[in-house]
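The structure that follows is given in the form of structure tokens.
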Amino acid sequence: MPIDNYTRMIQLADEFFASKKDPAQLDIDEQIITQLKKIHPAAMGELTDDGGPVAWTIVIPTTHDIMQQFLEKKISEKNLFDLTLHQSQFGAVYLCSALVLPEYRRKGFAKQLLCSSVRTIQQTHLISELFYWAFSTEGDTLAHAVASELHLPLLQRTE
């Protein structure tokens, strides 16, 4: 029996980010998704077909101060999320993750979802910067493409 898209997406996330083995990373589960949507309803983007999800993206709108702490490695990704939960005004967006099933890659879906999320957040918040922590060359390329599309400066956390 073939594996459904939802299961494939979860496996892809586990393989790529290995967040279950790294307590500093945000380990996305149903509880985290619920909290993300409390931060902002547009924090998670999803594209589906008849078989379920084929692309997921996550952004975390946050403050400039929290962004700086993260970029300077004073706080972890998990800390960034936890601190953001208690904020109400945002000035920056963390491009947290993008996952696309292999057969749907290179079609612009991740960029489209990320840009849509940021634009929706911009309707109620003065977002002046984007930031990211690249796990791959593709992630780095995607972050730059999103920043270019949105005409926003992009800052990177380096390891």
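Quick check on this structure: which one of T141, T158 is modelled with pLDDT under 95 and not acidic (D, E)?
Answer to the selection: T158.
Does the range 123-136 include one or more residues that are modelled with pLDDT under 95, surrounded by 17 or more Cβ atoms within 10 Å (Cβ to Cβ), under 21 Å from P61 (Cβ atoms) and not hydroxyl-bearing (S, T, Y)?
yes
Do we have any residue at all in the range 100-107 that's of a type outside the set (F, W, Y), touching a residue at least 24 places away in the same chain (Cβ under 8 Å), in contact with a Pro (Cβ under 9 Å, 6 or more places away or on another chain) and over 20 Å from P153 (Cβ atoms)?
Yes: one or more hits.
Among (1) assigned to a loop (DSSP other than H, G, I, E, B); (2) farther than 17 Å from D27 by Cα; (3) in contact with an Asp or Glu (Cβ under 8 Å, 6 or more places away or on another chain), which single condition is Q87 missing?
Only one criterion in (1) assigned to a loop (DSSP other than H, G, I, E, B); (2) farther than 17 Å from D27 by Cα; (3) in contact with an Asp or Glu (Cβ under 8 Å, 6 or more places away or on another chain) is unmet by Q87, namely (3).
Identify, please: which residue in the range 15-47 is assigned to a helix (DSSP H, G or I) and under 19 Å from E103 (Cβ atoms) and is, among those, modelled with the highest pLDDT?
E15
Among the residues that make up the range 97-111, is at least one of them hydrophobic (A, V, I, L, M, F, W, C), farther than 22 Å from T7 by Cβ, touching a Ser or Thr at 6+ places or on another chain (Cβ under 7 Å) and assigned to a helix (DSSP H, G or I)?
no
Look through the range 51-91, keep the residues that are touching a residue at least 60 places away in the same chain (Cβ under 8 Å) and buried (at least 23 other Cβ atoms within 10 Å of the Cβ), and return whichever of them is farthest from L154 (Cα to Cα).
Among those residues, the one meeting the criterion is T57.
Conditions (1) aliphatic (A, V, I, L, M); (2) more than 14 Å from I60 (Cβ to Cβ), marked per residue:
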residue: I75; (1), (2): yes, no
residue: T84; (1), (2): no, no
residue: A92; (1), (2): yes, no
residue: L95; (1), (2): yes, no
residue: P102; (1), (2): no, yes
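The values are calculated or read from the model by the stated rules, or taken from the named source; none is laboratory data. Here the structure is a predicted model, which means the values were calculated and not measured. Virtual Cβ from ideal backbone geometry, glycine too; neighbours counted across all protein chains shown.
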